[in-house]
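Below: one structure, written as structure tokens.
The values are calculated or read from the model by the stated rules, or taken from the named source; none is laboratory data. Values in this document were obtained by computation on a predicted structure and should not be read as measured data. Glycine also receives a Cβ, built like all others from the backbone with ideal geometry; neighbour counts cover every protein chain displayed. The protein model used for the area step is the full one, side chains on, heavy atoms only, and it has no ligands, DNA or RNA in it. Shrake-Rupley method; radii C 1.70, N 1.55, O 1.52, S 1.80 Å.
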Amino acid sequence: MKRIFLIAITLIAFSTISVAQNKKKETEKLSIVEKQELKKDKEALNLTKAQKLELKKIKKERKATDFKSMSKADKKAAKKKFKARKKAVYTEEQREILKAIKKKKKAFKNN
């Protein structure tokens with residue numbers, strides 16, 4: 001009797017945990033329509049070739065950076081540096097569009 005009770009409790013616990021994990025994954029993912037809409041918004045930025053090249057360069061440098069070997073303070077400073085460099089590439093109008101895209105993406109994830 002004790003074994004049956006213990007097995008039942010274990011099964012309930014595992015099923016509850018797996019359901020909670022699935023719900024979390026579902027809310028984090030964007031639908032195909034939402035992704036297409038965000039992509040269309042990003043195309044509205046009208047980036048020049050020079051801007052695209054500079055952003056690719058920054059992205060490549062960021063990927064090459066070994067954040068794992070850095071201390072928390074160094075990691076924070078490096079990420080802040082990359083963010084500032086990336087922000088400097090955009091015009092003021094493009095930054096406003098990016099803010100709107102960010103808000104839209106956040107709204108999609110919260111729904």
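Candidate cross-link partners of residue 75 among the aspartates and glutamates, defined by an alpha-carbon separation under 20 Å and a same-chain spacing of 8 or more, comprise 61, 66. Heavy-atom accessible surface of region 38-111, averaged per residue, reaches 86 Å², computed with a 1.4 Å probe. For the modelled label position 7 Å from the Cα of residue 29 along Cα-to-Cβ, which residues of region 77-111 have backbone nitrogen atoms closer than 16 Å? Flagged as within label range: 109-111. Sequentially through region 73-79, phi angles give Karplus couplings (6.51, -1.76, 1.60; θ = phi - 60°) of 5, 5, 4, 4, 5, 5, 5 Hz, Gly and Pro residues having no value and appearing as x.
Taking the 1.4 Å solvent-accessible surface of region 46-111 as the whole, the part contributed by carbon and sulfur is 55%. What the phi angles of region 55-66 give under the Karplus curve with 6.51, -1.76 and 1.60, with θ = phi - 60°, is a coupling list of 5, 5, 4, 5, 4, 5, 5, 5, 5, 6, 6, 8 Hz, glycine and proline written as x.
Take the Kirkwood radius over Cα pairs of region 67-111, plug it into Stokes-Einstein at 37 °C and 0.692 mPa s, and you get 264 µm²/s for translational diffusion.
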